[in-house]
Amino acid sequence: MNTLDEIRVSRVSSTPDTLIIDFEDGRTVHLPLIWYPRLYRATQAQRDRYELTGRGYAVHWPGVDEDRSAKSLALGKPSIEFLKQQPKSSDKVGR
């Protein structure tokens, strides 16, 4: 089994522009908070209130109804919500 399939979150923190995820194996990732629009719009108190679900295989923020798997966070995957907001290359005019 891939080690990313077994990775678990141990702690979550954030700054006004960064989501910081600590994993049980000692790794830490810093992700742009803008990649997670619900968390980006949330208050610091809402971001600080999270639950580790499935023994750390996922994180849930009840105040903003956001869920992220440990694996997707470790891979640095932006949310679908963020990706849908991005302009398509065909939308760019004059380039």
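The values are calculated or read from the model by the stated rules, or taken from the named source; none is laboratory data. In this text, all values refer to a predicted model and were calculated from it rather than measured experimentally. Methodologically, a virtual Cβ is constructed for each residue, glycine included, from the backbone with ideal geometry; neighbour enumeration extends over all protein chains shown. Each accessible area value is taken on the protein alone, full model and side chains, heavy atoms only, with ligands, DNA and RNA left out. Shrake-Rupley method; radii C 1.70, N 1.55, O 1.52, S 1.80 Å.
If you go through the range 68-86 and keep only what is free of Cβ contacts under 8 Å to residues at least 40 places away in the same chain, loosely packed, with under 15 Cβ neighbours inside 10 Å and of a type in the set (D, E, K, R), you end up with just LYS84. In summary, HIS30 fulfils each of the numbered conditions (1) touching a residue at least 24 places away in the same chain (Cβ under 8 Å); (2) assigned to a strand (DSSP E or B) with the single exception of condition (1). For the range 35-58, does any single residue satisfy the condition of being among the small types (Gly, Ala, Ser) and in contact (Cβ under 8 Å) with a residue 40 or more places away in the chain? Yes, some residue in the range 35-58 is among the small types (Gly, Ala, Ser) and in contact (Cβ under 8 Å) with a residue 40 or more places away in the chain. Quick check on my filter: what residues within the range 4-28 are out of contact with any Asp or Glu (no Cβ under 9 Å at 6 or more places or on another chain), within 16 Å of TYR50 (Cβ to Cβ) and open to solvent by 60 Å² or more (accessible area, probe 1.4 Å)? Hit for the range 4-28 is GLU24, nothing else.
Filtering the range 29-67 to residues that are of a type in the set (D, E, K, R), in contact with a helix residue (DSSP H, G or I) (Cβ under 9 Å, 6 or more places away or on another chain) and either open to solvent by less than 70 Å² (accessible area, probe 1.4 Å) or under 17 Å from PRO16 (Cβ atoms) (or both) leaves ARG38, ARG47, GLU66. Taking (1) in contact with a strand residue (DSSP E or B) (Cβ under 7 Å, 6 or more places away or on another chain); (2) aromatic (Phe, Trp, Tyr); (3) more than 21 Å from GLY54 (Cβ to Cβ) in turn, TRP35 satisfies each apart from (1).
Would you check if VAL59 is modelled with pLDDT of 95 or more and aliphatic (A, V, I, L, M)?
Values: modelled with pLDDT of 95 or more: yes; aliphatic (A, V, I, L, M): yes.
Yes; evaluated as a whole, the condition is true for this residue.
Tell me, yes or no, whether the range 9-24 has at least one residue that is without any contact (Cβ under 8 Å) to a residue 12 or more places away in the chain and out of contact with any strand residue (DSSP E or B) (no Cβ under 7 Å at 6 or more places or on another chain). So far as the range 9-24 goes, no, none of its residues is without any contact (Cβ under 8 Å) to a residue 12 or more places away in the chain and out of contact with any strand residue (DSSP E or B) (no Cβ under 7 Å at 6 or more places or on another chain).
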